[in-house]
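Okay, structure first, notes after.
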Amino acid sequence: MDTCPQTENAQGQNPNGNHILITKNLNAYYGSFLAVRDVNMAIAPNSITAIIGPSGCGKSTLIRCFNRMHEVAHGARVTGQLLLDGEDIYGTGIDPVSVRTRIGMVFQKPNPFPTMSVIDNVVAGLKLSRIWSRRRKMEEIAERCLRQAALWDEVKDKLKQSGTSLSGGQQQRLCIARALAVKPEVILMDEPCSALDPIATLKIEDLMHTLAKDFTIVIVTHNMQQAGRVSDATAFMMMGDDRAGQLVEYGATKQIFTNPKDKRTEDYISGLFG
Amino acid sequence: MLGALTLIIRKGFNFMMVSLCVLGAVLAMTLVCMMLGYILVHGITFFNLDFITNEAAFPIGTPGGGMRNEIIGTAIIVSLGTLIAVPVGLFAGIFLSEFASPTVASSVRFAADILSGVPSIVVGIFAYAIIVRPMHSFSAISAAVALAIIMLPVVARTTEESMRLVPGSLREAALALGITRWRSVLSVVIPGAMTGIVTGVILGMARIAGETAPLLFTAFGSNFSFESLSEPIAALPLQIYRYAMSPYQDWLQQAWAGAFLLAMMVLVVSLAVRFISRKRGS
């Protein structure tokens, strides 16, 4: 757990080790293949944590362990602990479906439901996890979430149109609004801007800063500049000699970028490889 | 460097293969056009309103006879067969696409492919053995079951195929919102695959509407209007077969008209399917 103190220093606001998400010896497997080895990190509430590293280092696999999406793949499994508010989400009797309402996710490619309207997309998580929902209430929630995702003004006249009729950047913000609607505590973003142009990217980054007031955000990015712009803490991952991804260094973003402790981090940050 | 002779041989071989391909395509097109044209020319002269609204006229030769009973009979057994095949095929397709492990899926898929390859007369014998024999009567219900067995793999496989076309990212999106697996299949995957599923059902219906062999010893045919599902029932393809085999001019004409009706039905269905899938494309 040598990585924890660094974050506490980095955040400066959690001297008591008040962390919303703590991983303990987290390993992720695909069948017998170890994809991510022994990750220990602690994430402070209302922070933005970036996970960076060269491709194939297990960034996406790791973030998918955070909301139990990893195990959806055939033969995939996770060992170790992941504490959300002190409760192990991999504990016995924990329903992965309910975990995912507390830890939302935004994916690399915008994936609104093409058969649903903009408004139905936003409330899909609510509507599809209950039998009956009041339309008026759903509309209220949709408006609130679209405003939160800075999308309301652009789509308020096309709420009944298909979710896929929006532009790429709008679709991604729609997906963020959709994730917000189930009121998660943590939002995971898996390279959310890699399919978007620079302007759409900028909008999403601005949005992340706003959202961090109410949510905790973990973002995977292959873009170091983005990590530097948006995040409070940065985790650097790399593939080890055994081809398993591991956490090389984890600390405040400023420290990682200006004064990395590990040689490998320094090499990556300075563009020697990756 | 290639010799001049080699070059000529290569060009000649290329030309020959391309010609063979063109020839094959032309032949296929010609056959369809000829068959449809032949049925059209022969059938349309004998096809009229009486043919749809009247029963067979007796004695043979009386004008104004039709195939009302047969059309109704076919409508009944095809609807009933569809009613049986669609739910089973739908669930099988959903299972194959969403829930089966790769090994289980491949064996179920193999079974479905075998089933669709079973000659339809064998399906008829099977329905005869399990339904007609115990009930001691030819019946509409046995015909419907035989047709349902033929339709089942069509529905199951098209359902599976069209659900597989729905991107996995949408399933992930639903799961990540805390939606259960089944609910995401129901509300995200199936709506996305709907046009494909409907297309499969319509194609399956077109397929069984024209089946004759399995009806020989299940529906059996009847000269009377429909009364009960447990009695023999008239069917269009069956009647075409009987009339076409007969020596009477009048019946032969009726057979042409029936063939025309059946062919038009399949044609219209195919066009409708094309229309539906094109709408999805846009």
When (1) among the hydroxyl-bearing types (Ser, Thr, Tyr); (2) closer than 22 Å to residue B:83 by Cβ; (3) within 14 Å of chain A (Cβ to nearest Cβ) are applied to residue B:199, the one that fails is (3)
Within the range A:117-140, residues more than 8 Å from chain B (Cβ to nearest Cβ) and either of a type in the set (A, V, I, L, M) or closer than 14 Å to residue A:180 by Cβ (or both) come out as A:118, A:119, A:121, A:122, A:123, A:126, A:131, A:138, A:140
Filter the range B:175-187 for residues that are under 30 Å from the mean Cα position of the chain (by Cα) and at the interface with chain A (Cβ under 10 Å from one of its Cβ atoms); the one that is farthest from residue B:96 (Cα to Cα) is B:187
Taking the range A:249-274 and the residues there that are touching a residue at least 60 places away in the same chain (Cβ under 8 Å) and among the hydrophobic types (A, V, I, L, M, F, W, C), the one that is most open to solvent (accessible area, probe 1.4 Å) would be A:273
Going through the range B:82-115 in order, the residues found to be surrounded by 15 or more Cβ atoms within 10 Å (Cβ to Cβ), among the small types (Gly, Ala, Ser), away from chain A (no Cβ under 14 Å) and without any contact (Cβ under 8 Å) to a residue 60 or more places away in the chain are B:112
For residue B:173, are the conditions met, namely being of a type in the set (A, V, I, L, M, F, W, C), in contact with a strand residue (DSSP E or B) (Cβ under 9 Å, 6 or more places away or on another chain) and within 30 Å of residue A:63 (Cα to Cα)? yes
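Could you grab me the full set of residues in the range B:218-251 that are of a type in the set (S, T, N, Q) and open to solvent by less than 50 Å² (accessible area, probe 1.4 Å)? Let's see the steps before the verdict.
Looking only at the range B:218-251, we keep the residues that are of a type in the set (S, T, N, Q), and these are B:218, B:222-223, B:225, B:228, B:230, B:239, B:246, B:249.
Scanning the range B:218-251 gives B:218, B:222, B:228, B:239, B:246.
Listed here are the residues, each with its yes/no results for (1) within 14 Å of chain A (Cβ to nearest Cβ); (2) out of contact with any Leu (no Cβ under 9 Å at 6 or more places or on another chain); (3) within 30 Å of residue A:132 (Cβ to Cβ).
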{"site": "B:135", "(1), (2), (3)": "no, yes, no"}
{"site": "B:139", "(1), (2), (3)": "no, no, no"}
{"site": "B:147", "(1), (2), (3)": "no, no, no"}
{"site": "B:150", "(1), (2), (3)": "no, no, no"}
{"site": "B:154", "(1), (2), (3)": "no, no, no"}
{"site": "B:157", "(1), (2), (3)": "no, no, no"}
{"site": "B:168", "(1), (2), (3)": "yes, yes, yes"}
{"site": "B:173", "(1), (2), (3)": "yes, yes, yes"}
{"site": "B:189", "(1), (2), (3)": "yes, no, yes"}
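With open to solvent by 30 Å² or more (accessible area, probe 1.4 Å), assigned to a helix (DSSP H, G or I) and modelled with pLDDT of 95 or more as the only criterion, which of B:203, B:147, B:152 stands out?
Working: B:203 fails: modelled with pLDDT of 95 or more; B:147 fails: open to solvent by 30 Å² or more (accessible area, probe 1.4 Å).
Just a single option satisfies the conditions, and that option is B:152.
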Note: among B:45, B:62, just one is in a loop (DSSP other than H, G, I, E, B) and either open to solvent by 40 Å² or more (accessible area, probe 1.4 Å) or within 30 Å of residue B:181 (Cα to Cα) (or both), namely B:62
By residue number, the members of the range A:145-189 that are surrounded by fewer than 22 Cβ atoms within 10 Å (Cβ to Cβ), charged (D, E, K, R) and within 21 Å of the chain's Cα centre (by Cα) are A:147, A:183, A:185
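Check whether at least one residue in the range A:264-274 is out of contact with any Lys or Arg (no Cβ under 7 Å at 6 or more places or on another chain), within 24 Å of residue A:27 (Cα to Cα) and assigned to a loop (DSSP other than H, G, I, E, B), and report yes or no. Step through it out loud before you land on a result.
Applying the first criterion (out of contact with any Lys or Arg (no Cβ under 7 Å at 6 or more places or on another chain)) to the range A:264-274 yields A:264-274.
Remaining after also requiring within 24 Å of residue A:27 (Cα to Cα): A:264-265, A:268, A:274.
If we keep only those that are assigned to a loop (DSSP other than H, G, I, E, B) as well, we get A:274.
For the range A:264-274, residues out of contact with any Lys or Arg (no Cβ under 7 Å at 6 or more places or on another chain), within 24 Å of residue A:27 (Cα to Cα) and assigned to a loop (DSSP other than H, G, I, E, B): present.
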For strands (runs of 3 or more DSSP E) lying entirely in the range A:33-119, having 3 or more residues that are over 20 Å from residue A:207 (Cβ atoms) and open to solvent by less than 10 Å² (accessible area, probe 1.4 Å) picks out A:33-43
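The values are calculated or read from the model by the stated rules, or taken from the named source; none is laboratory data. Bear in mind that the values here come from a model prediction, so they are computed numbers and not experimental data. Note: ideal-geometry Cβ built from the backbone for every residue, glycine included; neighbour counts use all protein chains shown. Heads up: the accessible areas ignore ligands, DNA and RNA and are worked out on the full protein's heavy atoms, side chains in. Shrake-Rupley method; radii C 1.70, N 1.55, O 1.52, S 1.80 Å.
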